[in-house]
Every structure is written in structure tokens, then in C-alpha cells.
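Some notes on the structure that comes next.
The values are calculated or read from the model by the stated rules, or taken from the named source; none is laboratory data. Nothing here was measured: the structure is a model prediction, and the numbers come from that model. Positions of Cβ are backbone-derived with ideal geometry, glycine not excepted, and every protein chain shown enters the neighbour counts. The area values use the complete protein model at the heavy-atom level, side chains included, leaving out ligands, DNA and RNA. Shrake-Rupley method; radii C 1.70, N 1.55, O 1.52, S 1.80 Å.
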Number of protein chains: 6
Amino acid sequence: MSRICLFPGTFDPVTLGHIDIINRSLGLFDKLVIGIGKNANKAPMFPDELRLEWLKQIYKDEPRVDAIIYEGLTANCCKKIGATFILRGIRYVSDFEYEKAIADMNRSLDPTIETIFLTCLPQFTSVASTLVRDVLRNGGNVAQFLPEVVLLSLKDSEKKPITKNVISKDLKKSFN
Amino acid sequence: MSRICLFPGTFDPVTLGHIDIINRSLGLFDKLVIGIGKNANKAPMFPDELRLEWLKQIYKDEPRVDAIIYEGLTANCCKKIGATFILRGIRYVSDFEYEKAIADMNRSLDPTIETIFLTCLPQFTSVASTLVRDVLRNGGNVAQFLPEVVLLSLKDSEKKPITKNVISKDLKKSFN
Amino acid sequence: MSRICLFPGTFDPVTLGHIDIINRSLGLFDKLVIGIGKNANKAPMFPDELRLEWLKQIYKDEPRVDAIIYEGLTANCCKKIGATFILRGIRYVSDFEYEKAIADMNRSLDPTIETIFLTCLPQFTSVASTLVRDVLRNGGNVAQFLPEVVLLSLKDSEKKPITKNVISKDLKKSFN
Amino acid sequence: MSRICLFPGTFDPVTLGHIDIINRSLGLFDKLVIGIGKNANKAPMFPDELRLEWLKQIYKDEPRVDAIIYEGLTANCCKKIGATFILRGIRYVSDFEYEKAIADMNRSLDPTIETIFLTCLPQFTSVASTLVRDVLRNGGNVAQFLPEVVLLSLKDSEKKPITKNVISKDLKKSFN
Amino acid sequence: MSRICLFPGTFDPVTLGHIDIINRSLGLFDKLVIGIGKNANKAPMFPDELRLEWLKQIYKDEPRVDAIIYEGLTANCCKKIGATFILRGIRYVSDFEYEKAIADMNRSLDPTIETIFLTCLPQFTSVASTLVRDVLRNGGNVAQFLPEVVLLSLKDSEKKPITKNVISKDLKKSFN
Amino acid sequence: MSRICLFPGTFDPVTLGHIDIINRSLGLFDKLVIGIGKNANKAPMFPDELRLEWLKQIYKDEPRVDAIIYEGLTANCCKKIGATFILRGIRYVSDFEYEKAIADMNRSLDPTIETIFLTCLPQFTSVASTLVRDVLRNGGNVAQFLPEVVLLSLKDSEKKPITKNVISKDLKKSFN
């Protein structure tokens, strides 16, 4: 029986912190599926398809990693793709409490699902997508927080803006 | 002098975690009033009246428990109903800090009010209304988190939808 | 049925923070028994009997409050004195986690026991006995942290030292 | 070289907790600039200009303190005003984690910026602007949480309402 | 390449909480070695050999689980047994911070070692060995916290005491 | 008036985390005095004089930094050296709560003393002296956690052991 794991998240955008967690988990699983959860309530900064494309490109040479977009309960997504593990990175104490509540809930919904927690390198601990988006919106330099695939894609987008949420003239300043 | 206590909250919906806290508190007070706070900023999933009805039905044979809807400051509601105690359940560390700040604020507004904290059974610790609503919205099975009165009411609502926030076709799946 | 509560602790020494919690709880219970737990592993700064005497003197005019010394499990002490409630003050987040674990354990040992948590006034939040003992040992001024009964007793002890743990020549400096 | 510090925040409204932090910091810096950050996503209760006026009036006799409104990254604001320090007050554990993540991010954006944390007096720990706004909206008494300049200004506003978010008839009740 | 994992701890005694974590981890690893760490500073309640025997007996029919006693750095023990994973259960927020610091340290000492965190069922969250030992010492009922193998072994020990730390006459009361 | 600050601690041994905090604070103070607190209850791994020597040597070219050994209350030490500031680094949430209680206590003892909190670089967050001592005792490699002055001194000590707590044959392995 192969070990299939779902790594659910928003990845808006995927950061070096996420990449660190994913790479560390590869020794544990035979297949890791990165699941971009659609959230009806929150408007993301970057479109779902772009976030999917970024993840697929980053792992194009790693056959064990796949990326999908999913809707609805994470536990249901696990069933659909045959995953019995959920991967989550924990950075902060407040993260941990929320993550534990979600893990308990998922275990209640489907007792065959186990949530695995990993911690990233200390230098990535504060690289939260929320903070990165804030820097991006204000034209700050994000080169040290994001994978090269994302950085190049964002540079390209200065010519043809990808999303209305990003003020393009500020974005230009972000990559000097 | 009788001991009257207000248990303020949103109860959107009331969960087995709330019921556990309420039942545990009954040895302490002569009268417990469950107060559904109206919050202008947050749109609840279930209408105020339905939430009130659920609570009233659950405790219809317990004369010490009553339920009301209130607006404005919790401290003012206490004064109106003659309560000198506020009851709060604490599940998580992050809950505790927020609850303590609110309790300090209420004590500042009215020094005669004392906030009492209880903890629920460990198995109910992760049964937060927020998570339950999320499962409900996505058609997951909520039978293990909610009182029977609420479950039956939700089953009924499949025929005649109670609220626009709940996508009724998903709700159907929640009670198989 | 009267509401009897045990307030277990070390009270080494009793501080204004303890007094604040005790006084706030008096509206809740018909009888509050302050239980000085004997701990074989920790050597207290002040002898059990002195700590008991302090508490008895502070509450000599309050018939609802009593103080005892007890050994063994707190749950057993509750049974012996007919208490169905345990009172605990919580100051900090780290307190809360430990207190919740103890409360869960006591509930496992005896499901009829309920632990009640209160918070003290913000100004007493940092008045931990450990810190007060440290100030005492180093001859600092403790007048703002301790009840008058304790302060007077400590002043007296300069002439006839009460405990070997307290270096008497430093203690003298503590009450200028 | 003089020590210039930015104290960024929303100050909606400025509370006695903020004032306590500011006054404590004055021994550390030659110049403290209070920066009211414009946040496109959150609608404040009080207009930027009013919040600025309050701060300027409170510190009109203290030449070391200035107040400004700024947009964009806090790190950029520091550069503009020549500040190499950022001041933040921490009240709660959950505050601390968020503040540390922001401080790490600011240090990544500009390694010459150092974030300094102070704690206020325990009695101001629960005086959060969010809670104060809630009391204000519901006509509660806020006299013990706000500086006199703000209290007087709010009393005046009963005649000529300053902001649509504040329901003026409730505000009247807040200052008896 | 097989996935070998070390589960380091004191297991003084092994509880149902430990067993829950171990059983949940079996889907992740090909081999799980439970490592009883010898700690020169702390005197355990039960002898190393007894704790080892308990673990070996509990898992005598599970070839994937082994138990050993080790001294020195956990990272060195991993190297010796060929483990590239360390397993830790996290129950509380304060656990998590300490565990993260240890995990960071182990990663610094040997970058090929990854620490995996699991959470146990909510009902086992408060079953800490420290609390169980306290109940045991005071003759309380521990049947709901410990595996049957341990319970039987402790009952036997009433006739022939296993350790001086356990007061045998109290132990008798623990198994009614 | 010059800004004098005391940085109290045990420094057993001083780590790169301490050094990071000290260096960051130098922009704030005219004089920083590192105070090695003598603690009657805890036996340090390294003698006071050695720890003092290490600090003095590390900062021998920085006239703003001095190091002393002190006994008794930290607030009294501040008075003696004319310091009105206490510096503390905070790494973890649990650190913060304890540090805040100590800071409140020091402010109660002497209202002219202000405690300043700084955070170190994320990569030093887990470099606690306790963990470093544990690695040292077990012969692990500590080169990445300690200043060069300390590393050289420890290497020297292989020939002539400095302290009984350190098992010299293990120490040899620590510096390959």
C-alpha cells in the first residue's frame, strides 16, 4: 500500500516556507498532492489557475508531487485522491491550536485520516503568505521569500497584469 | 439572594460543547440565562429566532435555564436580568487570552460582575461552531457535534430551507 | 444542598492575588475551604502551620471561609470535606494549560468534581508566590504584594526567625 | 547620531494603554514619531485626521513626540523619516507572536531597522482599541480607558457627529 | 530504502496517550523504535528495565515496533539505529514550543533527521506521565490511563515492590 | 543623561543568540552592562569567573559593553550601576509570559526601571543555553551555537578540565 498525502492550503502565493515543508515531507510519502482549497468567502490575490501553474512548474521534475484545485471538505478531497494523510506545517503557537482543532475535526469526519505536522527551517518561520502579499501590494522586495518560478511570473505580469488586486505600478518596484 | 448567571454567545449553532458547559454550570447557579448576542457586523448562518427556539426546546424541562436574544453591551444585559455572573467556556489558550480581556473589560464597566470560566470535556474541545458551520456548508456529517433538537430541525429544513447562507442541496448530504 | 468548594494551593506565602481570587469566589459558594497541599518533593519557605495560621487569621471574621492542611490527592480531599467544586485562579496562558490538565485529571478521578476558574485583577497578575519569595530572600520590599497579617508576622520574625530558608538579616531590609 | 523611532499603529482611538507605552519609551529615543497607518482594507471608526489631531494635541508640549499619517510599508516610512527603530507594545501572548513575525519581516526588508518591545502597566493590558470601540458603539462608559483630549472631543461630537460608524445617540450615554 | 523512526521519551510509565501516538504512526514508518532515554539528572519512578519490558510486551506481536534504552544525544541514537525520523506527540501549546526547539536543535546537529509531530485523541490529551505518577503515588485509580500490561504488572508489584519511589501500601488502593 | 542598561542572565554559556541580542541593543544604549546573576539554587555548568572572562574577552574592543557578576535583586543591581533599563531577549511565547511577570515585578520594586525586549534572528531562536549544555555534556558539535572565544576556551579545557560538570572525554568529541 502506498502512502498518499494531501497538503491542503491556499498558496496565495506559494512561499519558500511551503517549499521547505513539502521537500521535507518527501521522505515520508510515496505521493504528495498539493491541494489548493477554493474558499468562497476569501478573495485570493492570485487566481486559482495561476497558483496551480506555479506549483506544477516548481515540481515538474518531481514525479512524486502533484497539485490540484479542490472544493468542499478536505476530508472528502482525501477520499477522492486516496490520501490517508494530511500534511500541515506549523510555525507559531497560535497556528498549532487552530491546526489541532482542524485535525481533530478531520479525524472525527474520517478516522482513517491522520494529520502529520512538520516545522520549517527557523529562517522561514515568519514568511507567511499574508505578510508577503502585504509587501507585494506595497511594492516591497519579496525576492527572499518566494520561489524563482513565482518571482519570474510576477515580473512578467508587470507588462500584462494578472489580477486586479495587485496594483501593477507598485509591483514594478518589488523586483529591483 | 439567588445566583443568576448570563451565558453570552452566538450559538450559531449550539453544539454539544456548549451543552456540556451549560450542564456543568447548573450546580453553581440558581438561574442560568443563555444570551444570544446580536452582532451587527457578523451575519449568522442561522436566524436569531431559530437559535433561540433550539435553546428553549433543549432546556424546556429545566426550569433553571432560560434563553434570550440581546443587543448592546453584555454588562448591560446582566444588569437588566439581574445577573451578577457571566459564564464562559474556555477550550484553547487563544480563547483564554481573549476571554480574559473581555472579562477585565466587563469588570471595569461593572465591578459587581464576575466572569466564571469552565472547561468542557476533552472530546468536545475541538467542536467549535465555526468548524461545524464549515462542515455543514460542505455537506459533511455533523451528527456527533450537535444536540438532537438541532439535528432534527436541520433535517426538516431540507424541505423548507431556513437560511440563504446554507446551500440546501449540500445540507441534504449531511444527515445520511 | 450547599455549595462547598476547595481552593487548593501552596500559599507560600498567601498573596494579595490569592486574596482577590478568594474574595471574588465568595458570591458563588456557601463554604470555601482553603487547602494547603503538603508536597513531599518541594520544601516550602514557610512552615505549613504558619501558612495555615495566616489564612485563618485573615478570614477569622468570615465564617464561610476555612483553611486546612491536606495530604494526597486533591480529589480525595474534596470527598473528605464534601466539596464538589475546586477553585483555581488563572493568571497566565501557561497557567491555563497546566490547570486544564489537572482539572481533566480530577474530573477523570471523580466526575462529580467541577473545577471553576476565576481571574484576578490585572494589577495582581504578576504577584506570583515564587517571585515574592525571591524578593523576600533578597531583602526587597514586599509590602505591596502581601496581606497585612503576613507582613506583620514577617516583621515579628526578624526577632525570632521562623524558617531557615529565610536569611533573617535580609528580611529586615524588606520592611522599611 | 540621534535615535529616531517610529511607533506605528491605528490608534482608533488612542487609549491610555498607548499613552503609557509612548511615555515609557521617551527615555529611550531622541525623537518618537507616532505613525497612523492607512489601511485600505479596514474602515476605521474615526477619520485619520481626527486621530492625528488627538495625538498632536496630547503631545503638543512634548517636542520629542510627533505624529504623522502614512501609507504603504512601515519599513519605507522609517526610511523616509530617518527612523532606525520601531516601537511596539505587547500585551498578550497572541500579540507577541504576530508582532515577532512582523518584526522579522521588517528586519528582512531593511536590516538596519530594529523593533523594540515594551509592556504597559498591568491595568492597561486589556484596554484594546477594539474593545473600547465596542463599548463606544454601545453607549458604555469609556472614561477610564481614554485620554482626556479624546474624551472631550467625543463629548463635543454629540452635537456635530464626526463619523457615520458611531451612532451618536448611543455615544451620548457614554460620558455620564 | 525503508523508513525507520525513533520515538524518544521517558515512558515513566507508558500511558494510553503514548500508545495512541505509536499506533497512529505505524502507517507512516516501516520500523518504529521506541527509545527510553536515560537521564542522569532525573530519577525515574520505575526502573529502565521494567519500562523496557512493558513496551516490549505491549508490542510483542507487532514486528514493526521495537524498544531500546539509550544514552546521550537523541541524534546519535538515530544514527546508530539508522533512523532518519524522530516522532513526537504534541498535546499542549507549551509542549509544542519546547518540542520545536528540540527539533531545531536536532536538525542543526544532523540535517538528515526530520521530526514528525502527531496529536493524540482529545481524551488522552491530559494523560501526562507526570500526573499519572502523582495519582499512583497517592493511591488513586489509574486504570483509565494505562495499558493493561502496565496495570497487571503494577498489581503484581504490590506483593514484591518494584521501586522505592512507589509507596506500596498506597499502590494497593490504586486498583480497586 | 546617558542611557545605561543592564542585561541580566546566567550566560552558562553565552551563545550566539545572546551576542545577537547584545549587538542589536548597542544602538539604543550608551552603556550596556552584562550582569551574570549568581543563583544560590542552581549549580551552573561553568564557573562564574570563566563566564565573566568569556564576556569580557568577546567585548574587549567595545568600550560601551561591560560585564559583571551580581548577587541579589536585579533591581538593586540596576541602582548600583546607575542603569534605568533592563534588556531581555524573547524567543518563545512561554519566555514572554515569564519575562513580563519579572518585568512587572521589577517595575513594582522600582518604577524608574523600564524593561526593553528585543528578538534575535530566527536562526538563533532555538539556541538556548540549556540545550547547548545538553549537547556539550553528550559530546555533540556546538560550533554553530557558540562564539569563537568560548569554543577556543572549551577546546583548551580538554587538557585542563574547567568544571566537574563537564565530562572531559565527551567534550573532546564536541569540536571535530
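General observations
- Taking B:SER25, B:SER129, B:SER108 as the candidate residues, the one with maximal mean-square fluctuation in a Gaussian network model of chain B, Cα springs under 10 Å, is B:SER108.
- Taken per residue, the accessible surface of segment D:4-124 reaches 38 Å², heavy atoms only and a 1.4 Å probe.
- Zero-based 10 Å bins, Cα pair distances in segment B:12-101, whole percents: 14, 46, 38, 3
- Over the protein assembly as shown: helical MRE at 222 nm, DSSP H runs n ≥ 4 each giving -39500 (n - 2.57), nearest 500: -11500 deg cm²/dmol
- Straight-line cross-link partners of C:LYS155 among the aspartates and glutamates, defined as a Cα under 19 Å from its Cα and at least 8 positions apart when in the same chain: C:ASP12, C:ASP48, C:GLU49, C:GLU53, C:ASP134, C:ASP170.
- Its convex hull of Cα atoms gives segment F:78-152 a direction-averaged projected area, equal to a quarter of the hull surface, of 6.7 nm².
- When the listed pairs D:LYS100/E:LYS100; C:LYS38/C:LYS100; A:LYS56/B:LYS42 are checked against a 28 Å cut-off, the alpha-carbon distance exceeds it for A:LYS56/B:LYS42.
- The E-F contact accounts for approximately 1100 Å² of buried accessible area, totalled over both chains at a 1.4 Å probe radius.
- Per-pair calculated FRET efficiency, R0 = 45 Å: F:LEU151 and A:SER157 via Cβ, rounded to 0.05: 0.40
- Over 21 Å apart at the Cα level, from the set B:LYS31/B:LYS79; B:LYS31/B:LYS80; C:LYS60/C:LYS80, are C:LYS60/C:LYS80.
- Accessible-area composition of segment E:4-124, carbon plus sulfur, in percent [1.4 Å probe]: 52
- Cα-Cα pairs of chain E separated by more than 23 Å (percent): 41
- C:GLY82 label point (Cα plus 7 Å toward Cβ) to equivalent points in the other copies: 2.8, 6.7, 6.7, 6.7, 7.6 nm, shortest first.
- Solvent accessible area, Å² - F:PHE11, 1.4 Å probe, full protein context: 10
- Per-copy distances of the B:ASP156 label point, shortest first, in nm (7 angstrom along Cα→Cβ): 5.7, 5.7, 6.0, 6.9, 8.5
- Highest-fluctuation residue, B:ILE34, B:ILE102, B:ILE90 considered, GNM on chain B with Cα pairs under 10 Å: B:ILE102
- Neighbour cut-off at most 15 other Cβ (10 Å), DSSP loop, GluC sites (Glu not before Pro), segment E:1-85: E:GLU71
- Charges were assigned to the Cβ only: +1 to each Lys and Arg, -1 to each Asp and Glu. The resulting dipole of the protein assembly as shown about its Cα centre is roughly 0 debye.
- Computed E for B:THR130/F:GLU62 - FRET, C-beta separation, R0 51 angstrom, nearest 0.05: 0.45
- Note on chain C: GNM, Cα springs under 10 Å; of C:GLY140, C:GLY72, C:GLY17, the largest mean-square fluctuation is that of C:GLY72.
- Distances, shortest first, from the label point of D:ASN39 to those at the same position in the other copies read 1.6, 1.6, 3.9, 4.1, 4.2 nm; the point lies 7 Å along Cα to C-beta.
- D from E by rotation - nearest chain E beta carbon to the axis, in Å: E:VAL93, 5
- Drop in accessible area of at least 40 Å² in the complex versus isolated chain, residues of segment A:88-115, 1.4 Å probe: A:TYR92, A:VAL93, A:PHE96, A:GLU97, A:LYS100, A:ALA101, A:ASP104, A:MET105, A:ARG107, A:SER108, A:LEU109, A:GLU114
- Taking only the C-alpha atoms of the protein assembly as shown, Rg followed by Dmax gives 29.7, 86 Å.
- Cα-centre dipole for segment A:4-124 with unit charges at Cβ (Lys and Arg positive, Asp and Glu negative), debye to 20: 80
- Of B:ILE116, B:CYS77, B:LEU55, farthest towards positive along the dipole that unit charges on Lys, Arg, Asp, Glu beta carbons give chain B: B:LEU55
- The listed residues F:LYS80, E:LYS60, A:LYS56 rank as F:LYS80, E:LYS60, A:LYS56 when sorted by accessible area, largest first, using a 1.4 Å probe.
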